[in-house]
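Each value in this text was obtained by applying a stated rule to the coordinates, not by laboratory testing. Here the structure is a predicted model, which means the values were calculated and not measured. Here the Cβ positions follow ideal geometry from the backbone for every residue, glycine too, while neighbour counts run over all protein chains shown.
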Amino acid sequence: MNIVEQEIEKPTFSDRMRVWFKWVLDPLAMLFNRLGLRPITMTILGLIGTSVGALMIARGHMTWGGVLILLSVPFDALDGAIARLRGEANDWGAFVDSVSDRYSEVVTHLGLLIFYLNRDDVLGSALVFISVCGSLLVSYVKARADAVGFKANVGILTRVERYLVLAPALVLNYPIVALWIMAILTNFTALQRIMRVRRDAHRRQSNSQE
């Protein structure tokens, strides 16, 4: 067993959030499960809520858009919790959840892009573009790392942190502040993950030569 395989992965911020809010998520998951809601239903409801929030943002109603997005975020955790309660946790469900997360991010950024384009705000539009590229790269780098046998669950601005930056800024009607932070730190996070894979790849190569 090489060094890469022996290294214990630290829990991500998302993992810690699920532990911290387990006392809330588990009762809600049991309630929704009793109501007959399936995991895929929760995933779709979260995406719909985010899409409506993005529409509000595009129309300039930042606070209401931010509130809707904040209310939609817990569905991302609840779908997994309900799947575990029903014994339906599987790779397909995880795949759908991940794809839905990407759509949620894209549609939120689309709302912001429309808002800034309607105001001929070149800087705001550019920040939206850079931010969404960074956000997608963070996820893509992790997916590619997993595909070739490496772990890349590192970085300063993973998905949960991105929502913790963006949603409050929308509620307070300061989206440009969040976009500056995300445009810089999402791409920095992608770079952190790339460097992590590079380090582990070199370790694996060194171990194979011993």
Amide hydrogen neighbours beyond the local backbone of Asp121, cut-off 5 Å, H modeled = none
Give the value in nm², to one decimal: projected area of the alpha carbon convex hull of the chain, averaged over all directions.
-> 12.5
Rounded to whole Hz, the Karplus (6.51, -1.76, 1.60) HN-Hα couplings of the stretch 174-188, x for glycine and proline = 10, x, 5, 5, 4, 5, 4, 4, 6, 4, 7, 7, 5, 5, 5
Could you tell me the distance between the Cα centroids of the stretch 161-185 and the stretch 52-110, to the nearest Å?
-> 17
Work through the residues other than Trp92 whose Cβ is under 13 Å from its Cβ and net out their charges, Lys, Arg +1 and Asp, Glu -1.
-> -3
Which peptide among 84-97, 164-177, 52-65 comes first, and what is the full order, when sorted by highest mean count of other Cβ atoms within 10 Å?
-> 52-65, 164-177, 84-97
